[in-house]
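Report on one structure; see the data block that follows.
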Amino acid sequence: MADELNQEVIVENFTDIKLGPLALNTEKFGEITFDRSLPNLESMQSTFKEFTDLQYDQKLIPEFVNQINSQRDRFVEFLRRLQTFRLSEGFNKDIRDGFENEVEALYQEVYRSDLPWLTFLRQDASIQSKDTKKLQDEQKAVAKLKSEYEQIIKQLEEKKSEYEKETTAVQKAAGEKAAVTFGKHFEQQAGEYHKEAQKWENGRMTLYWIFLVIVIINVLLYAYFFTTFKLNIKPHLDPNDFFTLQYGIFKVALLGLISWAMGYSAKNYYINSRLESSNLHRKNVAETIRDFSKSNPSESERGEVMRIGADAMFSHAPTNSAYSSKEVEKENGPVDTIITNVIKGKV
């Protein structure tokens, strides 16, 4: 109680003052305590504290900020006056009643004029809280999508490693039986790469439409909010209040990820398409060797055909170009393309 009686009341600490010991102090006031004013004082103290927590001075226009500040300063002055009242210094019932009437008048003024702004700030805080949760959920979704693509990359690299080992084994094989056997194998591989190429192409087109839809929706939303705000019609929402910095950072990150995924899908489409062509080429060479063998060639002719066939099958197959094609390297998605063109334009 001694702290409330002796502590200097200022704007920075008035919300921490315990009003019960200050208003109901029988040692100072005797039986003339401020029972009627205490609930109003505590209610206004809580209200001004909530205004501060909701950052009213940053979200309301100066006129209303000044109004709230003026009422808060008058409230602080009431607390200072409470500290000075003493029976020994002439305090009496008339002074108490007059003070309580002033407190009642300020209480009525605060809740008549400030309640709409307090409601607005509460709703804004609620919206901000929902936006934060939504952003966190979307970030989790993006992280999950990235993890799935990293898993796909790992699987493709493993498949590439396995294929290179198989190619090495085929290059060491010789004879008609090996050529015929791997002819079937290459046909099967070509079919698998064809399916893979179609999968990556379908994925790229899906991402493209997602990318386009996100851009169009954001453009339409901005145009809608801008038009309704300027024409002063519902919902009368400033575009800047919706398109916040956090919203912009997330959307740029999301579009960047989708763009990267589109570029990655395009690269893998070209890789699988070229591998499909390579395996079809090898299949055709193997079938040529098989058909030639049916003509009962001499051993020397058979050996020469096998050597030429192996050379045509492996030395001239465009396998490596599937991973180093300049056309593939350029496929990095729309966002990267836009940034690159802008930088080149400036240079």
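Bear in mind these aren't lab numbers, they're just calculated from the coordinates by the rules spelled out. Only a predicted model underlies this, so the values are computations on that prediction, with no experimental measurement involved. Please note: Cβ atoms are built from the backbone with ideal geometry, for glycine as well, and neighbour counts cover all protein chains shown.
Which order do Arg81, Arg274 fall in if you start with the one that has the fewest other Cβ atoms within 10 Å?
Working: Arg81 14, Arg274 22.
So the ranking, lowest neighbour count to highest, is Arg81, Arg274.
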(request) Find how much the distance from Tyr247 to Glu304 grows on full extension, using 0.36 nm per residue of separation minus their present alpha carbon separation; answer in nm with one decimal. (result) 13.7 nm
(message) Counting other beta carbons within 10 Å of each residue's own, what order do Trp200, Trp260 fall into, fewest first?
(response) Trp260, Trp200
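Within the range 2-113, what is the number of lysine pairs with alpha carbons under 26 Å apart, leaving out pairs fewer than eight places apart on the same chain? Write out the running numbers ahead of the final one.
Values: Lys18/Lys28; Lys18/Lys49; Lys18/Lys93; Lys28/Lys93; Lys49/Lys59.
Lysine pairs satisfying the spacing and distance rule in the range 2-113 number 5.
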(request) Quickly work out the Thr228-to-Glu157 label distance, labels modelled 7 Å from Cα along the C-beta direction, and quote it in nm with one decimal. (result) 4.8 nm
(request) Using only the Cα atoms of the range 2-113, build the gyration tensor, take square roots of its eigenvalues as a ≥ b ≥ c, and label the shape rounded, prolate or oblate: rounded if a/c is under 1.5, else prolate if a/b is larger than b/c, else oblate. (result) prolate
(request) Report the local net charge at Tyr111: Lys and Arg +1, Asp and Glu -1, summed over other residues whose C-beta lies under 13 Å from its C-beta. (result) -3
(request) Please order Thr119, Thr228 by the number of other Cβ within 10 Å, starting at the fewest. (result) Thr119, Thr228
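Given a Förster distance of 30 angstrom, what is the FRET efficiency for Ile127 paired with Glu12, based on the Cβ-Cβ distance and rounded to 0.05? Write down the numbers at each step before the final one.
Values: r = 29 Å, r/R0 = 0.97.
My answer for the efficiency is 0.55.
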(request) Please report how far the C-alpha centroid of the range 178-257 lies from that of the range 54-109, rounded to the nearest whole angstrom. (result) 57 Å
(message) Using a 7 Å offset from the Cα along the Cα-to-Cβ direction at both Lys49 and Leu24, what is the distance between the two label points in nm, to one decimal?
(response) 1.7 nm
